1. For the list (1) polar (S, T, N, Q); (2) open to solvent by less than 10 Å² (accessible area, probe 1.4 Å); (3) within 16 Å of the ligand (Cβ to nearest atom), I need the number of the one condition that Ser43 fails.
2. Answer with yes or no whether Tyr246 is open to solvent by 30 Å² or more (accessible area, probe 1.4 Å), modelled with pLDDT of 95 or more and not acidic (Asp, Glu).
3. Could you please find all residues in the range 94-140 being within 10 Å of the ligand (Cβ to nearest atom), closer than 30 Å to Val209 by Cα and polar (S, T, N, Q)?
4. Among the residues that make up the range 282-292, is at least one of them on the phi > 0 side of the Ramachandran plot and not β-branched (Val, Ile, Thr)?
5. Does Leu91 satisfy being within 13 Å of the ligand (Cβ to nearest atom), crowded, with 20+ Cβ neighbours inside 10 Å, more than 23 Å from the chain's Cα centre (by Cα) and modelled with pLDDT of 95 or more?
6. For the range 179-223, which positions are part of a helix (DSSP H, G or I), open to solvent by 30 Å² or more (accessible area, probe 1.4 Å) and touching a Cys at 6+ places or on another chain (Cβ under 9 Å)?
7. Looking only at the range 274-288, which residues are farther than 15 Å from Asn121 by Cβ and of a type in the set (A, V, I, L, M, F, W, C)?
Amino acid sequence: MSPVPKYDFNAQGRRLPQLDLSSLKINIAFIRNKTIVITGGASGFGAGFCTEWAPHGANIIIGDVNVAAGEALIAKLRLETNNKNLHFIHLDVTSWRSQVDFFREAVRLSPHGGIDTVVANAGVNGPREANLFENPMSDYLNDPDPPAPTLKTIDVNLTGVLYTAHLALFYLPRNPDSTPCSPTSPSGPGQRDRHLILLGSIASLYPVVTQTPYTVSKHAVLGLFRSLRMNAPLSSGIRVNMLCPYFVHTPILGTPARLVLSGNAIGSVEDVVEAATCLVSRPEIIGRALVIGPKVKVRVQVDEDGIGLGGTDGIPYVEQVFEVADPERSGMPDGQGAIQERAIWEVYADDFQHADHFTARMMNLNQAASAVKGWIGFAVDMASAITWRLWSGKPNREMTPVKKERTSK
Ligand SMILES: NC(=O)c1ccc[n+]([C@@H]2O[C@H](COP(=O)([O-])OP(=O)(O)OC[C@H]3O[C@@H](n4cnc5c(N)ncnc54)[C@H](O)[C@@H]3O)[C@@H](O)[C@H]2O)c1
């Protein structure tokens, strides 16, 4: 029997070496003249991105349901930066029509007639909705017409993001003079881009207990990222990256969340903006996910080359840490080992390695099973796939005329 070809997940899934985030290299000049579209840009991270990129000459169009905050932010930034290419448009990401209009208007406002970066950022969390989902209050047994649970979190964080991503997949390859993304993309200010950033969360990676709809929505954004990160560069030359922030004090965190988080280290908007700026400003970064946690300053063990363990390979094990600084304290006294101060980590290449290896083993087993089936098995399956409707008696649904629904009078 011929040997089974091995599915090389590292080659197929990662392709590029891990990012060196020990010092975040930002190529701020690249941002000039880029047209950047941000959903949910009136507040929190969205407002932070806009505030950081506007003075560097980006053309920014933000969309948000919060008209007052969006208009005020744009008016303030226009005044402060003298950048006239900043715009606010009302947008409800849950409405397909609203998103279509938003993208059309963004392209019309763009000085070069295209979009370089789309940031799918709008998001909500509803603790009450989550509570009602997990603790059903309606009498589903006896109520003759029980209401369905509300799932606004899914509507905004998942359907809204899918609409945005879908429109980005349409508009980005049509960005005039843009070329398909590549690890060797030139990064001059005149260069156009095709870039989609998804706002995941730490809730994309582990469950925020009691916040089920939010966790589900952000896990789904991770699924979207993992699907597109490999496919979009190949099919339409679009690079797709993701941000997974830890908890940060923005308006999305209500009082109960802030109470639960009291005393814990917390992330900062500045670090999320820095991670996003790194992705936006470096067109060679393709298919990467960055986790942004609270900034930690630790003194770690070093290896024989004097390199801090954990270093660019990831977060050090706590046993390798000699000392953790109080976040309120700026300095750290001299001592053994190396000092690391990091808030941003690359998650894809490290934390998903186990999942990837599991999947690779499963794929290898599947391929081994396919090899046993051989060409005859393949031919039988193909014939069955083409003819199954004939022998199963199932009509081809696409061919069946749509019946008019009867309306009750
Ligand atoms: N703050 C955190 O702790 C945290 C952590 C991880 C991920 N995130 C994610 O970051 C993104 C931004 O959140 P944030 O922390 O800046 O919160 P935020 O509340 O400050 O900003 C969210 C923005 O989205 C807008 N929005 C809500 N529904 C909308 C709709 N239907 N259409 C258009 N805009 C809408 C809001 O008006 C608001 O301006 C979200 O996707 C959120 O899930 C936040």
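The values are calculated or read from the model by the stated rules, or taken from the named source; none is laboratory data. Since we're looking at a predicted model, the values are computed, not measured. Cβ coordinates were reconstructed from backbone atoms using ideal geometry, including for glycine residues, and neighbour counts include every protein chain displayed. Quick note on the areas: whole protein, heavy atoms, side chains included, nothing else; ligands and nucleic acids left out. Shrake-Rupley method; radii C 1.70, N 1.55, O 1.52, S 1.80 Å.
1. (2)
2. Judged against the criteria, Tyr246 is not a match.
3. Selection gives Thr94, Ser95, Asn121, Asn125.
4. Taking every residue of the range 282-292 in turn, at least one turns out to be on the phi > 0 side of the Ramachandran plot and not β-branched (Val, Ile, Thr).
5. Against the criterion (within 13 Å of the ligand (Cβ to nearest atom), crowded, with 20+ Cβ neighbours inside 10 Å, more than 23 Å from the chain's Cα centre (by Cα) and modelled with pLDDT of 95 or more), Leu91 does not qualify.
6. none
7. Cys278, Ile285, Ile286
Residue by residue, here is whether (1) modelled with pLDDT of 65 or more; (2) open to solvent by 70 Å² or more (accessible area, probe 1.4 Å); (3) not hydroxyl-bearing (Ser, Thr, Tyr) holds:
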| position | (1), (2), (3) |
| --- | --- |
| Asp305 | yes, yes, yes |
| Gly314 | no, no, yes |
| Gln320 | yes, no, yes |
| Met382 | yes, yes, yes |
| Arg389 | yes, yes, yes |
